[in-house]
1. Exposure proxy check: 259, 228 ranked by fewest other beta carbons within 10 Å?
2. Run the dipole for the stretch 78-173 about the Cα centre, Lys and Arg Cβ at +1, Asp and Glu Cβ at -1, nothing else charged, and hand back the magnitude in debye, nearest 20.
3. Which percent, to the nearest 5, of DSSP beta bridges fully inside the chain are antiparallel?
4. Using a simple charge model, +1 on the beta-carbon of Lys and Arg, -1 on the beta-carbon of Asp and Glu, nothing else, what dipole does the chain show about its Cα centre, in debye to the nearest 20?
5. Based on the alpha carbons, how large is the Rg to Rh ratio for the stretch 38-157 when Rh follows Kirkwood?
6. Please report Rg over Rh for the chain, where both radii come from the alpha carbon positions and Rh follows the Kirkwood definition.
7. Under 14 Å from the Cβ of residue 139, count the other residues' Cβ atoms, weight Lys and Arg +1, Asp and Glu -1, and hand me the total.
8. Take the Cα coordinates of the stretch 1-105, assign each an equal point scatterer, and use the Debye formula without solvent to give log10 I(q)/I(0) at q = 0.10, 0.22, 0.23 Å⁻¹.
Amino acid sequence: MKLPEIDTNGLIDFLVKLLNTPSPTGFTDRAIALCETELAALPGVSLTRTNKGALVAALPGESEQDWRALTAHVDTLGAMVKEIKANGRLKMSKLGGYAWNTVEGEGVTVFLQNGSTLRGSILLSKASSHVHGGDVNKTERSDEVMEVRLDAKSASAEDTAALGVSVGDFVAFDPRVEVTNGFVRSRHLDDKACVACMIYAAKALAEAGLMPHTTTVLHVSNYEEVGHGAAAGIPPQVTELISVDMAAVGDGQESDEFHATLCVKDSGGPYHYGLNQRMRQLAEDYEIPFKVDIYPYYGSDGEAFWRAGGDVAVSLIGPGVDASHNYERTHTEALVATTQWCMAYLLN
């Protein structure tokens, strides 16, 4: 069985644009607007935003019974300003789950209340080995010892406040996107890679003049990294939900950067057996390369909807991503496979 051609170059271009659009959890309007613009060209699409800012795109299908949905999240790891320190530097409060060593040395943008921005870097408070010697290696990275050094003249809390910085300002990490030899490496492939796959699956069907099997919702979530992204916004007519999220690559895992993966169980327990079996069969019918995996330290928007009382079957697929919640990497082959899998589901 053959699926429509995917505009792979368009997929990668959109992904790069999305990765370069800052969207830490709670500060996602720009990324949501970018997705909204991309989806607006689809024939017959109905676009709405939920009260908490998620994007809901309803695609007309051949049937209006037993609606389906796919969800992927555009919010990313990041931080907020917790405190302006006496030395003018910033203490942070994390957005999402990550280890401080994975962002140490990263460039950041601080978004101020007045609409302007400041650049800076995340550093250990005693960062210089020439000053602090072996303590630099021995210091455990924690909230108390990590700070943002602003690229501005400031030597006191008063100086920094005068720049317009205040508690609650959002701190976005530089993605450092690079596309090379078929690989895409960047922060925040979790889950912008899957947002791109989901959208470009719908675009490929539309360009081929095809419609989904039934009315289907594409839900772009914006609070997944803090656990409640798709808890709201899935219409009540939906009976099945595919969570499209990255597959974690590492020791003891089946997933790799060149395949899509079906996650059958994670920290919230097993996903829906019947829908999982259908997804396996679709991948086999359309010769989509895939793996099957279990992630013990992972949760998804599908589970968020279940915990909110959503009475739907849930399955989870996504491209293999190396070094998740760190400086991540995937390959175009995994992105294409995931996009094909989304298309197969939309059509059948």
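We did not get these values from a lab; they are worked out from the coordinates using the rules stated. Quick caveat: nothing in here was measured; it's all calculated off a predicted structure. Neighbour counts are summed over all protein chains in view; Cβ atoms, including those assigned to glycine, are modelled from backbone coordinates with ideal geometry.
1. So the residues, fewest neighbours to most, are 228, 259.
2. Working: 11 positive and 12 negative charges, 13 e Å.
Computed about the Cα centre, the dipole is about 60 debye.
3. Looking only at bridges with both residues in the chain, the antiparallel portion is about 65 percent.
4. Computed about the Cα centre, the dipole is about 800 debye.
5. 1.19
6. 1.00
7. Values: positive: 126, 138, 141; negative: 104, 135, 140, 143, 144, 147.
Residues near residue 139 contribute -3 overall.
8. So the normalised log intensities are -0.45, -1.31, -1.36.
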